[in-house]
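Inspection log for the structure reproduced underneath, given as structure tokens.
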Amino acid sequence: MEERLQWRDRAGLTPASSAFTLYTDGTGGHFDASTDGVIVMRLRLIAHAPTAATRTAAFAADESVDAAGLAAAQSVTVRRYDVALCSPARQCVETAVALGLHPRVDPDLRDCDYGRWRGRSLDDVAAADPAGVEAWLTDPDAAPHGAESLRDLLGRTRMWLHAQPSTGGTVIAVTHPAVVRAAIVAVLSAGPAGFWRIDVSPLTETVLVGGDTRWNLRATGCPLPPPRSGDRSLA
């Protein structure tokens, strides 16, 4: 079920203002320059299509989307955007292409680095290293896999959000569920434990509005709409 959460921006941004046009054909909305000289951006974070790892609760490697995931990505569309970005991972590049995008690769949208756990199922890792998994789930500074901790991921994602220019328009970013979850934590100023309370399904969209250090969560868990008949245009 689609969940939509809206907050009034304490910095003066008003997502429901005349700067936002909501299209009733199911394609979402589009942001332009707002009133009062405040520029707002619409950032649409799209979780990549399913892979073998997402279907088996495994720590993803740089892998292709599976056949069903590719078909699912080709059956939906995105419209009305100004810039398209994607993670350098194969599953994100393939998802973006299947969606009809022509993205610029942004390395800061990469997945969390799970080190020696990459490509292994959570059950397998838990059986071999239960203490490590427990530390990973409870201590945001723990990196039992030898790579990136949760706090590292949250900090990296927060810095990426803060680096986005307040130039208005709509940016689409195809990335990983972990990055989307980290972005939501950053926007809500939640603690690291909040990361584990967010579900992000493949091929769903999370919409943030704002720019620089001022972001609001507009919607999350939104399924992408199917193309209109004969329409794969994204203009």
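Structure values in brief
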| read-out | value |
| --- | --- |
| Qualifying positions in segment 65-118 - open to solvent by 40 Å² or more (accessible area, probe 1.4 Å), more than 12 Å from Ala173 (Cα to Cα), in a loop (DSSP other than H, G, I, E, B) and among the basic types (Lys, Arg) | Arg80, Arg118 |
| Count of segment 88-102 residues which are farther than 17 Å from Gly69 by Cα and modelled with pLDDT of 95 or more | 1 |
| The one condition in (1) within 24 Å of Tyr81 (Cβ to Cβ); (2) open to solvent by 10 Å² or more (accessible area, probe 1.4 Å) that His176 fails to fulfil | (2) |
| Matching residues, segment 119-147, being under 11 Å from Phe59 (Cβ atoms) and part of a loop (DSSP other than H, G, I, E, B) | Gly119, Arg120, His145, Ala147 |
| Count of segment 125-147 residues which are open to solvent by 70 Å² or more (accessible area, probe 1.4 Å) and without any contact (Cβ under 8 Å) to a residue 12 or more places away in the chain | 6 |
| Subset of segment 159-183 (residues that are closer than 20 Å to Ala89 by Cβ and in a helix (DSSP H, G or I)) | Met159, Trp160, Leu161, Pro177, Ala178, Val179, Val180, Arg181, Ala182, Ala183 |
| Residues within segment 148-166 that are over 22 Å from Arg42 (Cα atoms), of a type in the set (A, V, I, L, M) and open to solvent by 30 Å² or more (accessible area, probe 1.4 Å), tallied | 0 |
| Members of segment 45-59 found to be open to solvent by 20 Å² or more (accessible area, probe 1.4 Å) and of a type in the set (Gly, Ala, Ser), listed by number | Ala52, Ala57, Ala58 |
| All positions within segment 203-213 that are in a loop (DSSP other than H, G, I, E, B) and within 10 Å of the chain's Cα centre (by Cα) | Leu203 |
| Within segment 182-227, tally of residues that are among the acidic types (Asp, Glu) and either open to solvent by less than 10 Å² (accessible area, probe 1.4 Å) or out of contact with any Cys (no Cβ under 9 Å at 6 or more places or on another chain) (or both) | 2 |
| Residue list for segment 191-216, filter: of a type outside the set (D, E, K, R) and farther than 21 Å from Asp111 by Cα | Val209, Gly210, Gly211, Thr213, Trp215, Asn216 |
| Segment 103-149, residues that are among the hydrophobic types (A, V, I, L, M, F, W, C), within 23 Å of Leu203 (Cα to Cα) and modelled with pLDDT of 95 or more | Val105, Leu109, Cys112 |
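The values are calculated or read from the model by the stated rules, or taken from the named source; none is laboratory data. Bear in mind the structure is a predicted one, so any value in this text is a computation, not a measurement. Cβ: placed from backbone, ideal geometry, glycine included. Neighbour counts: every protein chain shown. The accessibility values were calculated without ligands, DNA or RNA, using every heavy atom of the protein model including side chains. Shrake-Rupley method; radii C 1.70, N 1.55, O 1.52, S 1.80 Å.
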